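Asker: Below is one structure. I have some questions about it.
The values are calculated or read from the model by the stated rules, or taken from the named source; none is laboratory data. This is a predicted model, so every value here is computed, not measured. Positions of Cβ are generated from backbone atoms using ideal geometry, with glycine treated the same way; all protein chains shown enter the neighbour counts.
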Amino acid sequence: MQKIEVLRRWLEEGERIVFFGGAGVSTESGIPDFRGVDGLYRQRFAHPPEEILSIGFYREKVLFPDALPNVAHRKLAEWERAGKQLTIITQNIDGLHQRAGSRSVLELHGSVHRNYCQNCGKRYGIEVVLESTGVPRCDCGGAIRPDVVLYGESLDCEVLGRAAAAIGAADLLIVGGTSLVVYPAAGLIDLYTGDRLAIINREGLSARADLTLRGSIGEVFSSL
Ligand code: NAD
């Protein structure tokens, strides 16, 4: 049986499905990943991105307010609408799963669409960053920051706990578009105890997978 057929059958039979994704899920929406062939880490900067994450860099290289969900985001949303018990655990901060209509989404690293004042806690959308120059300021004068997890910061314990529980209870785990090197997020897949772990990626596939599909997420999801 072809690999795609196996995955299709697993999806039909799956009762508690988890899709665990990374930046590769959104490259076909025009948002570059970090470590893929055209990723930010392969572009020529004088310093690695961790060092140059300034507000200007953030606006120019991290925010893609016009990006639209691609076939992977849309299919996942479609399956959830059709009644599948499907949890999406994403390392992405672009909000494209929700934009496609998915509701059961756990954002391990936060979202560029949520911003808050570090002084009074007032919440803002993405517009406050797009429409300001320099660091956006709250009415109270405080600096507004995105609700995203930066290198060295801790993940939200509640989100992490819910992600761990979903993976622990899953009968099918699909991992896609992630290099699985950013921890603690990547470690979550070790909590999967089933025998239906499918990995879809262009490169660097894990030996632990029960099914590996090497290629573009968009192409794989188009044929599901
Ligand atoms: P990564 O850049 O480390 O790895 C992406 C992986 O996906 C690579 O192995 C690449 O070969 C693969 N890939 C890229 N496009 C693909 C496609 N169309 N089909 C199949 N495979 C594809 O990404 P990561 O593992 O998610 O870790 C990077 C961190 O950077 C994450 O924490 C994430 O929050 C953040 N990030 C987020 C976004 C976003 O929100 N869209 C974009 C860049 C980085």
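Asker: Among the strands (runs of 3 or more DSSP E) confined wholly to region 108-224, which include 3 or more residues that are under 18 Å from Gly22 (Cα atoms) and within 13 Å of the ligand (Cβ to nearest atom)? Don't jump to the end; show me each part of the working.
Answerer: Working: elements: 110-117, 144-148, 172-176, 197-201, 211-214.
Here the list reads 110-117, 172-176, 197-201, 211-214.
Asker: Taking region 1-38 on its own, how many of its residues are part of a helix (DSSP H, G or I) and among the aliphatic types (A, V, I, L, M)?
Answerer: 6
Asker: Pull up region 147-164, narrow it to residues that are surrounded by 13 or more Cβ atoms within 10 Å (Cβ to Cβ) and of a type in the set (A, V, I, L, M, F, W, C), then point me to the one that is nearest to Ile89 (Cα to Cα).
Answerer: Only one residue fits best here, namely Ala163.
Asker: Test Asp190 against the criterion of being of a type outside the set (Lys, Arg), exposed (fewer than 14 other Cβ atoms within 10 Å of the Cβ) and farther than 22 Å from Ile31 by Cβ, and give yes or no.
Answerer: Yes, satisfied.
Asker: Condition first: of a type in the set (A, V, I, L, M, F, W, C) and either within 14 Å of the ligand (Cβ to nearest atom) or at pLDDT 75 or above (or both). Now tell me which residues in region 31-54 satisfy that.
Answerer: Ile31, Phe34, Val37, Leu40, Leu53
Asker: Against the conditions (1) in a loop (DSSP other than H, G, I, E, B); (2) hydrophobic (A, V, I, L, M, F, W, C); (3) away from the ligand (no atom under 16 Å from the Cβ); (4) modelled with pLDDT of 95 or more, where does Leu68 fall short? Just the number, please.
Answerer: Of everything listed in (1) in a loop (DSSP other than H, G, I, E, B); (2) hydrophobic (A, V, I, L, M, F, W, C); (3) away from the ligand (no atom under 16 Å from the Cβ); (4) modelled with pLDDT of 95 or more, Leu68 misses just condition (3).
Asker: While we're here: Return the pair list, or none, for Cβ contacts closer than 6 Å from residues in region 186-202 that are at negative phi and touching a residue at least 60 places away in the same chain (Cβ under 8 Å) to residues that are among the aromatic types (Phe, Trp, Tyr) and in a helix (DSSP H, G or I), at least 6 apart or on different chains.
Answerer: Between residues of region 186-202 that are at negative phi and touching a residue at least 60 places away in the same chain (Cβ under 8 Å) and residues that are among the aromatic types (Phe, Trp, Tyr) and in a helix (DSSP H, G or I), the close pairs are Arg196/Trp10.
Asker: Would you tally the residues in region 129-141 being surrounded by 13 or more Cβ atoms within 10 Å (Cβ to Cβ) and among the charged types (D, E, K, R)?
Answerer: Result for region 129-141: 1.
Asker: Then there's this: Select, from Ile144, Ile126, the only residue that is touching a Cys at 6+ places or on another chain (Cβ under 6 Å), crowded, with 16+ Cβ neighbours inside 10 Å, closer than 25 Å to Phe34 by Cβ and touching a residue at least 12 places away in the same chain (Cβ under 8 Å).
Answerer: Ile144
Asker: So which pairs qualify, if the first residue must be in region 86-99 and outside any strand (DSSP E or B), the second must be among the hydroxyl-bearing types (Ser, Thr, Tyr) and buried (at least 24 other Cβ atoms within 10 Å of the Cβ), the Cβ gap must be under 8 Å, and the two must be at least 6 apart or on different chains?
Answerer: Gln91/Thr178; Asn92/Ser26; Asp94/Ser26; Leu96/Ser26; His97/Thr90
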